[in-house]
Amino acid sequence: MSQAVVDVRLVDYRNPVHARDLVGLLDAYARDPAGGGTPLAPQVLAALPAALAARPQAFSVLAYDGELAVGLINCIEGFSTFACKPLVNVHDVVVLASHRGQRVAQRMLARVEHEARARRACKLTLEVLSGNKSALRAYEREGFANYQLDPAFGTAMFLQKKL
């Protein structure tokens, strides 16, 4: 399959085009079975760009094929107490079905890594569902792996408790 020629750029949350593309792609991901299969609430779609803009620890990248937004990554900066440095959590990764398998995620992740290094982050983190084999392979190609501190304790797990 041929690779799309994409332009990857940091999102300006106050730019109406970027804001529209961000919520459109995120909603498409939420509607996909891999994203839960449920559309985002209208109030989330309306408020998200401003809420992200209000958080200096948040940044996003968009991938464009011409004028069409085809990919999105949302990131949130956290903090590693063990390294006493920031870390960047890759929170959402979206690539439109029409552009999957064309290394769009790879190019977006490279831009995320560039921004993380500029923020002097010690690592990138992300979560992926174990059944999403194509995404898992893409992340592994980019150097992501399960981690463990001591083999006797096993690998890390991601847990949640909704509030």
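The values are calculated or read from the model by the stated rules, or taken from the named source; none is laboratory data. Computed from a prediction, not measured in an experiment: that's the story for all the values here. Cβ placement follows ideal geometry from the backbone for every residue including glycine, while neighbour counts extend to all protein chains displayed.
Answer with yes or no whether Leu52 is surrounded by 13 or more Cβ atoms within 10 Å (Cβ to Cβ), within 16 Å of the chain's Cα centre (by Cα), not in a strand (DSSP E or B) and not charged (D, E, K, R).
yes
Given the criteria modelled with pLDDT of 95 or more, out of contact with any helix residue (DSSP H, G or I) (no Cβ under 8 Å at 6 or more places or on another chain) and surrounded by 13 or more Cβ atoms within 10 Å (Cβ to Cβ), does Gly24 qualify?
So Gly24 passes the test.
Being assigned to a loop (DSSP other than H, G, I, E, B) and over 25 Å from Ala135 (Cα atoms), is that true of even one residue in segment 14-24?
The answer is yes; a qualifying residue exists.
For every residue, the table says whether it meets (1) among the charged types (D, E, K, R); (2) out of contact with any strand residue (DSSP E or B) (no Cβ under 9 Å at 6 or more places or on another chain).
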| position | (1), (2) |
| --- | --- |
| Leu45 | no, yes |
| Ser60 | no, no |
| Asp65 | yes, no |
| Ser80 | no, no |
| Leu96 | no, no |
| Arg100 | yes, yes |
| Ala105 | no, no |
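Quick check on this structure: which one of Leu87, Leu62, Leu72, Leu40 is at pLDDT 95 or above, surrounded by 14 or more Cβ atoms within 10 Å (Cβ to Cβ) and outside any strand (DSSP E or B)?
None of the others qualify; the one that does is Leu40.
Among the residues of segment 1-21, what is the count of those that are modelled with pLDDT of 95 or more and either crowded, with 17+ Cβ neighbours inside 10 Å or in contact with a His (Cβ under 8 Å, 6 or more places away or on another chain) (or both)?
Here the count works out to 7.
Just need a number here: residues in segment 102-146 that are among the small types (Gly, Ala, Ser), more than 17 Å from Asp32 (Cβ to Cβ) and surrounded by 13 or more Cβ atoms within 10 Å (Cβ to Cβ).
3
Which residue out of Ala47, Ala34, Ala63, Ala69 is of a type in the set (A, V, I, L, M) and more than 27 Å from Lys133 (Cα to Cα)?
Just one listed residue meets the conditions, Ala47.
Name the one entry in Asp150, Asp92 that is charged (D, E, K, R) and touching a strand residue (DSSP E or B) at 6+ places or on another chain (Cβ under 9 Å).
Sole residue among the options that is charged (D, E, K, R) and touching a strand residue (DSSP E or B) at 6+ places or on another chain (Cβ under 9 Å): Asp92.
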